[in-house]
Amino acid sequence: MTSDHIVVAEHLHKTFANGVVALADFTTRVRRGEVVVVVGPSGAGKSTFLRCLNGLEEVDRGTIVIDSIPLDDNPANRLAIRKEVGMVFQHFNLFPHMDVLSNVTIAQRRVQKKPRSEAEATAMDVLAKVGMANRAHSFPDQLSGGQQQRVAIARALAMNPRLMLFDEATSALDPEMIGEVLAVMKKLAREGMTMIVVTHEMGFAREVSNRVIFMDAGTIIEECATEIFFSRPAKERTRSFLDQIL
């Protein structure tokens, strides 16, 4: 393993109890500062791959190493990886009874044991980054979907992650709100954040990503530089997929 790889996933296998194969001999690596977009049809295993990277799902076989830390049965390693990896889900999962500031500080205070003043200073910094500092004392039900998702991104950033995972972060949003969330993600990419993004937003993939992974039925069908993926994919299955969505 070379030191510039922050993610090394090798020979991952995952089958659910209903017999659905989510990952089948899945192997990939991600370099520091790289933006990788994962695309494919529904049920391809894209979200499962992300969830396995931070231990939300267990693989049946295979190895995962995040920033030189193996994701194994060692609780200390698992905790270290959770601190290294931020994840933004399709649904915002904000605490409805807490204002924005509290939503962004709670993990800092409980997991990182930061004092309130330090956690709030960090929260205001990341809220400013996503354009939500002026809503610090609003509650989730006072915000649009796009605003809630930007708060969810700020909450993840507040933990100072080395890797950000985005699982269909815009798919639950109304069309006019998608752009504001994508703008934040583009800003993070420009600033050098390592990102793995599961998305159907092909414009974002084309503009921001360094590499695209195309999955189907738990396997990698094609993995290549973004420009090659969109202009001259090697596999017929890839070409068929692109013909349907572009």
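In contact with a Lys or Arg (Cβ under 8 Å, 6 or more places away or on another chain) and open to solvent by 10 Å² or more (accessible area, probe 1.4 Å): is that true of Ile245 in this structure? Can you show your working first?
On the way: in contact with a Lys or Arg (Cβ under 8 Å, 6 or more places away or on another chain): no; open to solvent by 10 Å² or more (accessible area, probe 1.4 Å): yes.
The answer is no for Ile245.
Only residues that are open to solvent by 10 Å² or more (accessible area, probe 1.4 Å) and either of a type in the set (Lys, Arg) or out of contact with any Ser or Thr (no Cβ under 7 Å at 6 or more places or on another chain) (or both): list them for the range 26-44, please.
If the condition is that a residue be open to solvent by 10 Å² or more (accessible area, probe 1.4 Å) and either of a type in the set (Lys, Arg) or out of contact with any Ser or Thr (no Cβ under 7 Å at 6 or more places or on another chain) (or both), then Thr27, Arg29, Arg31, Arg32, Pro41, Ser42, Gly43 are the ones that fit.
Being within 27 Å of Gln149 (Cβ to Cβ), at pLDDT below 95 and in contact with a strand residue (DSSP E or B) (Cβ under 7 Å, 6 or more places away or on another chain) narrows it down to one residue among Ile64, Ile81; which is it?
Every option except Ile81 fails the conditions.
What residue, of Ala169, Ala154, is hydrophobic (A, V, I, L, M, F, W, C), touching a helix residue (DSSP H, G or I) at 6+ places or on another chain (Cβ under 8 Å) and at pLDDT 95 or above?
None of the other options fit; the residue is Ala154.
State the number of residues belonging to the range 154-170 that are in a loop (DSSP other than H, G, I, E, B), in contact with a strand residue (DSSP E or B) (Cβ under 9 Å, 6 or more places away or on another chain) and farther than 13 Å from Val104 by Cβ.
Here the count works out to 4.
I want to confirm something. Restricting to the range 117-169 and keeping residues that are closer than 30 Å to Pro41 by Cα and of a type in the set (D, E, K, R), which single residue is most open to solvent (accessible area, probe 1.4 Å)?
That would be Arg162.
Within the range 1-76, which strands (runs of 3 or more DSSP E) (wholly inside it) include 3 or more residues that are within 19 Å of the chain's Cα centre (by Cα), within 30 Å of Glu236 (Cα to Cα) and in contact (Cβ under 8 Å) with a residue 24 or more places away in the chain?
Once the strands (runs of 3 or more DSSP E) in the range 1-76 are filtered for at least 3 residues that are within 19 Å of the chain's Cα centre (by Cα), within 30 Å of Glu236 (Cα to Cα) and in contact (Cβ under 8 Å) with a residue 24 or more places away in the chain, what remains is 5-15, 21-31, 35-39.
Could you list, in sequence order, all residues of the range 179-210 that are surrounded by fewer than 21 Cβ atoms within 10 Å (Cβ to Cβ) and in contact with a Ser or Thr (Cβ under 6 Å, 6 or more places away or on another chain)?
Of everything in the range 179-210, nothing turns out to be surrounded by fewer than 21 Cβ atoms within 10 Å (Cβ to Cβ) and in contact with a Ser or Thr (Cβ under 6 Å, 6 or more places away or on another chain).
Go through the range 120-134 residue by residue and tally those that are assigned to a helix (DSSP H, G or I) and within 23 Å of the chain's Cα centre (by Cα).
Final tally of qualifying residues: 9.
The values are calculated or read from the model by the stated rules, or taken from the named source; none is laboratory data. Everything numeric here is computed off the predicted structure, so don't read it as measured data. Note that each Cβ is placed from the backbone with ideal geometry, even for glycine, and that neighbours are counted across all protein chains shown. Surface areas here come from the heavy atoms of the whole protein model, side chains and all, with no ligands, DNA or RNA. Shrake-Rupley method; radii C 1.70, N 1.55, O 1.52, S 1.80 Å.
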